[in-house]
Amino acid sequence: MSQIELTFPNGDLRSVELGTTGLDIAKSISEGLARKAIGVKLGDKILDLNRPLTESGSIKIITPNNDDPDALMLLRHSCSHVLAEAVCDLFPGTKLAYGPAIDKGFYYDLMTPTPIKEEDFAKIEKRMKEIIKEDRPFTRIEVSAEEGLKRTEGDKYKRDNAERALAREESDGTLSFYCSGKPGENWEDLCAGPHVPSTGKLKAFKILSLAGAYWHGDQNSDQLTRVYGTCFADKEGLETYLHLLEEAKKRDHRKIGKEMDLYHIEDHSPGMVFWHPKGTTMVNALKDYIRGKIDRRGYKEVITPELVDKSLWIKSGHADKYNENMFRTFAGEQEMAVKPMNCPCHIQIFNTGLRSWRDLPMRLAEFGKCHRYEPAGTMHGLMRVRGFVQDDAHIFCTEDQIASEVADFCQLVKDVYADFGFNEILVKFSTRPEKRVGSDDLWDKAEAALEEATKLAGLEYVLNPGEGAFYGPKLEFVLKDCLGRDWQCGTIQVDFNLPQRLGAEYVGKDNQKHIPVMLHRAAVGSIERFLGILIEEFMGDFPLWLSPVQARVLPISEKFVEYARTVERELVNAGVRTEIDDSNEKLGYKIRQCELQKVPYLLIVGEKEVADGVVSVRKRKDGDKGSMTVADFLKMTEDDRKVVR
């Protein structure tokens, strides 16, 4: 074959000589495009601009663009190499482990002879700018396995990477290296590519942070330094991103959670949350909100044990899938496991009686406490913990009921997210993973049923191949926050397998026994994580019904404390979450404390208020609302204090 067929983004078809490069294609369109181009995408593969094209397919010339993930991947991967070269220059003897592009940036795992510190960022960036200014070409060097292994001799990490690359199924028995400049003269690194044509294409970058990392994520292996950075197509994109990072720091739920005295996490119980009274108030308010949403949809709430005999997890398949993430203990000679999820326990409830088709759908809900062992380096405040509560539920239904139940849940998720101001939702359809239980026939049925349900719900989705649960396909609901960050929270999974494995049955209209379908679903997912998202979204300025403290009474001086306590009791009796600041501090200081702790309403009392039997009301951000009786205040705030239904 001497010709290949290329399909361009506008639909045009063109035959070109085998071995034509992306740069050749760009030049044939315009010299301007050739100067701007940084890579080429053939089918789903991104290639260096000067790599020969060897097969037919769709083609895209990649140019610097902050809205193009392919362009950003190329820029960031190349920038990670420039970072590595700069570190090697400044810290002679550095060993390189791994340096990929990631969402929002890149990182490089390194072993340096002396520790890298944040104070070193400036000199590293300076050296990177020098390398970029030299505009050296990224040159690909392909060598035999023997030659490649020789090049990595004595370098523990590169040798390991080379051996792993050669062991992959798709390996052709060669290895590739990239040199930033002339081979044999300039710095090179083992790498599969692709890269931009030259270092000069990197216009806007920034080193962001340091973290610890383990080689291959193994805590028993070498500890490395991970240097994070980012790169954009231009300075405007970088500055916008850095602004968002600063905004994210202001909104950090760990900072706000401490300021508002909501929770803490400590070394005595890593990854487990100590909810303080105010944080517990929010947890309970969120649970009450969810209860209000699901009660009228026919869910029945249950409570199941946190410790269950390990045999149940073996039978369900979780012991095989989650063995490394399960906490285990013994009750005498009996080996127990702390539940990583609630589903097997809900099946045990279903199995306690003879079920009929008339009982279906049966919707069992639980705010179930689950535990999963997460590596120490992956935990992050409330966002990733070892102990968490889910707004979990399992729907036992017939095959004919799948579509309507899934569609109803999809509407529930939309309603919940909209109540909190999240109106931009991405839905992912995750199909069968490589490691799974059940026959292909059951998976075919489950995926077809979920597809039908999305049509009934009018859902648009993106396909997420191979990312389903080990027992069934799923829909994942990803919300976008005010900073444009994605958070996967809600999910629903169609499961033909676990009910069968755990012996769930019902008597159908034909008086024969049948196995129910099980729908695993959660609207917000982890309560901890969702509250972390809300803390950052609202920056602590929560809707009144969710606020841990809704009002604080501030007496101007000690002689008005008794009246302030009378006001406090009246508010508490009316269901308002109220505090009183009866300290000897000046009023200005008390008000500043309320601002810091994001208290929605301040009720100030002094001589005039006592004489008139009123309170002076001040609303956070809105300012003075005037004087009014407590009854009028209750009436004014009544609707906002109600949990959204």
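The values are calculated or read from the model by the stated rules, or taken from the named source; none is laboratory data. Keep in mind the model is a prediction, meaning the values are calculated, not measured. Neighbour counts are summed over all protein chains in view; Cβ atoms, including those assigned to glycine, are modelled from backbone coordinates with ideal geometry.
Which strands (runs of 3 or more DSSP E) does region 481-568 wholly contain that include 2 or more residues that are over 24 Å from Met341 (Cα atoms)?
The strands (runs of 3 or more DSSP E) meeting that bar are 551-555.
For the condition without any contact (Cβ under 8 Å) to a residue 12 or more places away in the chain and either charged (D, E, K, R) or closer than 24 Å to Glu134 by Cα (or both), what is the one hit in Lys45, Lys60?
Values: Lys60 fails: without any contact (Cβ under 8 Å) to a residue 12 or more places away in the chain.
From the options Lys45, Lys60, the qualifying one is Lys45.
Out of the residues in region 261-279 meeting the condition of being over 23 Å from the mean Cα position of the chain (by Cα) and surrounded by 14 or more Cβ atoms within 10 Å (Cβ to Cβ), tell me which one is modelled with the lowest pLDDT.
Only one residue fits best here, namely Asp261.
Filter region 323-361 for residues that are in a strand (DSSP E or B) and free of Cβ contacts under 8 Å to residues at least 40 places away in the same chain and give the result.
Arg328, Thr329, Phe330, Ala331, Gln334, Glu335, Met336, Ala337, Val338
How about region 150-266: which helices (runs of 4 or more DSSP H) wholly inside it have at least 1 residues that are aromatic (Phe, Trp, Tyr) and under 30 Å from Tyr373 (Cβ atoms)? It would help to see each step written out before you state the result.
On the way: elements: 156-167, 235-251, 253-259.
Filter on region 150-266 gives 156-167.
Out of the residues in region 184-215 that are over 30 Å from Gly154 (Cα atoms) and of a type in the set (A, V, I, L, M), state the one that is surrounded by the most Cβ atoms within 10 Å (Cβ to Cβ).
Filtering region 184-215 for residues over 30 Å from Gly154 (Cα atoms) gives 200-206, 208.
Remaining after also requiring of a type in the set (A, V, I, L, M): 202, 204, 208.
On the way: Leu202: 24, Ala204: 20, Leu208: 18.
Taking the candidates together, the pick is Leu202.
Please go through region 562-615 and pick out each residue that is in contact with a strand residue (DSSP E or B) (Cβ under 8 Å, 6 or more places away or on another chain), of a type in the set (Gly, Ala, Ser) and surrounded by fewer than 19 Cβ atoms within 10 Å (Cβ to Cβ).
Gly606
Gln512: surrounded by 17 or more Cβ atoms within 10 Å (Cβ to Cβ) and among the polar types (S, T, N, Q), yes or no?
On the way: surrounded by 17 or more Cβ atoms within 10 Å (Cβ to Cβ): no; among the polar types (S, T, N, Q): yes.
Criteria not met by Gln512.
Please find, among Asp295, Asp320, Asp288, the residue that is free of Cβ contacts under 8 Å to residues at least 12 places away in the same chain and within 24 Å of Ala523 (Cα to Cα). Reasoning before the result, please.
Values: Asp320 fails: within 24 Å of Ala523 (Cα to Cα); Asp288 fails: free of Cβ contacts under 8 Å to residues at least 12 places away in the same chain.
After ruling out the rest, the residue left standing is Asp295.
Report every pair of residues separated by at least 6 positions or lying on different chains whose Cβ atoms are under 6 Å apart, first residue within region 518-533 and assigned by TED's automatic domain parsing to the domain that holds Phe477 and closer than 12 Å to Ala393 by Cα, second assigned to a helix (DSSP H, G or I) and not aliphatic (A, V, I, L, M).
These pairs meet every condition: Met518/Pro499; Leu519/Glu405; His520/Cys343; Arg521/Phe409; Val524/Phe530.
Only one residue in Val462, Val437 is in the same structural domain as Phe496 (by TED's automatic domain parsing), of a type in the set (A, V, I, L, M, F, W, C) and within 17 Å of Tyr322 (Cα to Cα), so which one is that? If you could, list the steps in order and put the result at the bottom.
Details: Val462 fails: within 17 Å of Tyr322 (Cα to Cα).
The match here is Val437.
Exactly one condition in (1) among the hydrophobic types (A, V, I, L, M, F, W, C); (2) out of contact with any Cys (no Cβ under 9 Å at 6 or more places or on another chain); (3) under 24 Å from Glu405 (Cβ atoms) is not met by Phe330; state its number.
Status for Phe330: all satisfied but (3).
On the basis of being surrounded by 15 or more Cβ atoms within 10 Å (Cβ to Cβ) and among the hydrophobic types (A, V, I, L, M, F, W, C), does Ile102 make the cut?
Details: surrounded by 15 or more Cβ atoms within 10 Å (Cβ to Cβ): no; among the hydrophobic types (A, V, I, L, M, F, W, C): yes.
No: the conditions fail for Ile102.
Out of all the residues in region 1-39, which are in contact (Cβ under 8 Å) with a residue 24 or more places away in the chain, among the hydrophobic types (A, V, I, L, M, F, W, C) and touching a helix residue (DSSP H, G or I) at 6+ places or on another chain (Cβ under 8 Å)? If you could, list the steps in order and put the result at the bottom.
Just the residues of region 1-39 that are in contact (Cβ under 8 Å) with a residue 24 or more places away in the chain, to begin with: 4-9, 16, 18-23, 25-26, 29, 33, 36-39.
Subset that is among the hydrophobic types (A, V, I, L, M, F, W, C): 4, 6, 8, 16, 18, 23, 25-26, 29, 33, 37-38.
Within region 1-39, Leu6, Val16, Leu23, Ala26, Leu33, Ala37, Ile38 qualify.
Looking at Pro137, Pro197, can you tell me which residue is modelled with pLDDT of 90 or more, closer than 30 Å to Asp24 by Cα and under 34 Å from the mean Cα position of the chain (by Cα)? Don't jump to the end; show me each part of the working.
On the way: Pro137 fails: under 34 Å from the mean Cα position of the chain (by Cα).
On inspection, the qualifying residue turns out to be Pro197.
(1) more than 16 Å from Ala522 (Cβ to Cβ); (2) among the β-branched types (Val, Ile, Thr); (3) touching a residue at least 12 places away in the same chain (Cβ under 8 Å): which one isn't true of Thr378, the others all being true?
Among (1) more than 16 Å from Ala522 (Cβ to Cβ); (2) among the β-branched types (Val, Ile, Thr); (3) touching a residue at least 12 places away in the same chain (Cβ under 8 Å), Thr378 violates only (3).
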